[in-house]
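What follows is a short report on a single structure.
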Amino acid sequence: MRSLAADWNIDPARVGILGFSAGGHLASTAGTHFDAGQSDAEDPVERESSRPDLQVLCYPVISFGPYTHEGSKYSLLGEEPDPELVQYLSNETRVTPDTPPAFIWHTADDGAVPAENSLLFALALSREKIPYALHVFEAGRHGLGLAEEEEAVKAWPDLCATWLRERQFI
C-alpha cells in the first residue's frame, strides 16, 4: 500500500489493519512482527515499512498459550508445533514500544476465543505505554461481525469510529 500510496491517493502514514477472530491474529501479527523496510531494496514494496499505523482487533486470537483457540493454533502451526514458534506467534509476548495503537473488542462469554486473548494483549500494550481502547461486552457469541442483532455490542463500530477520528484516520 505504501509503495503505491501516490497512485491510490492514500496517506502512507495512515495505514491501518483490521481483523476478526483468526484474522485478528493476522492483524496483531502485522502489528508485532513487522520490519522498517530496506531503503536500498530493489523491490519498491521492500523499501517500505510493513508496520501498520494502527490495528483494530475484533474478538481476536492473540495467544497460543493457555487461552488459545486450538483450531486456529492447529491450522497455523500444525499438530505438534515447535514450542519456540508457539511462543514467537503468541503476540501478547511480542509487544514492544514500536507496536502500533490498538482498538480491541471482545465479549466476556465468547465460547470460541476466550476474552483473555484481548485482555492479555491490552495488558502488554499497557506495559509498553502503547495507546489502546479495550471494550469487553458482557455477552455475545463469537463471530458477531458488526453485531447488529446484539443491542450492547452493536455500539462497537461507533466506538471504533470515534477512536479512529481521534487518530485522524477518518
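Applying both filters, DSSP loop and at most 16 other Cβ atoms within 10 Å, to the trypsin sites (Lys or Arg not before Pro) of the stretch 68-170 gives Lys129, Arg141, Arg167.
Could you tell me whether the chain comes out rounded, prolate or oblate from its Cα gyration tensor? Rule is a ≥ b ≥ c as square roots of the eigenvalues, rounded for a/c under 1.5, then prolate if a/b exceeds b/c, otherwise oblate. Mind dumping the intermediate values first?
Values: a/c = 1.91, a/b = 1.21, b/c = 1.57.
Verdict is oblate for the chain.
Its DSSP H runs of at least 4 residues, each contributing -39,500 (n - 2.57), put the calculated 222 nm mean residue ellipticity of the chain at -9000 deg cm²/dmol, to the nearest 500. In terms of its C-alpha gyration tensor, the stretch 1-57 comes out oblate, because a/c is 1.5 or above while a/b does not outweigh b/c. Working from label points 7 Å from Cα in the Cα-to-Cβ sense, the Ala5 to Glu149 distance is 4.1 nm. Short-range pairs are left out: with C-alpha atoms under 8 Å and at least six residues apart, the relative contact order of the chain is 19 percent.
Work out the FRET efficiency for Arg14 and Arg141 from their Cβ-Cβ distance, taking R0 = 35 Å, and round it to the nearest 0.05.
Once the sixth-power term is evaluated, E becomes 0.60.
Annotation: Ser21 carries an accessible surface of approximately 30 Å², with a 1.4 Å probe and no ligand, DNA or RNA atoms counted.
Mind ranking Leu164, Leu85 by accessible surface for me, highest first, 1.4 Å probe?
These residues rank, largest area first, as Leu85, Leu164.
Accessible surface calculations at 1.4 Å, restricted to protein heavy atoms, place the chain at 55 Å² per residue. Amide H to amide H, with H built 1.01 Å from N, Leu18 comes under 5 Å of Val56, counting only residues 5 or more places away or on other chains. Of the solvent-accessible surface of the chain, computed with a 1.4 Å probe over protein heavy atoms with every protein chain present, carbon and sulfur atoms account for 52 percent. Only protein heavy atoms count here; on that basis, with a 1.4 Å probe, Leu134 has an accessible area of about 60 Å². Site-free segments of the chain were taken between GluC sites (Glu not before Pro) in DSSP loops having at most 15 other Cβ atoms within 10 Å, sites themselves excluded; the longest one is 80-127.
The values are calculated or read from the model by the stated rules, or taken from the named source; none is laboratory data. Computed from a predicted model, the values in this text were never measured in an experiment. Cβ sites come from the backbone with ideal geometry, for glycine too, and all protein chains shown count toward neighbours. Surface accessibility is based on the protein's heavy atoms, side chains included, excluding ligands, DNA and RNA. Shrake-Rupley method; radii C 1.70, N 1.55, O 1.52, S 1.80 Å.
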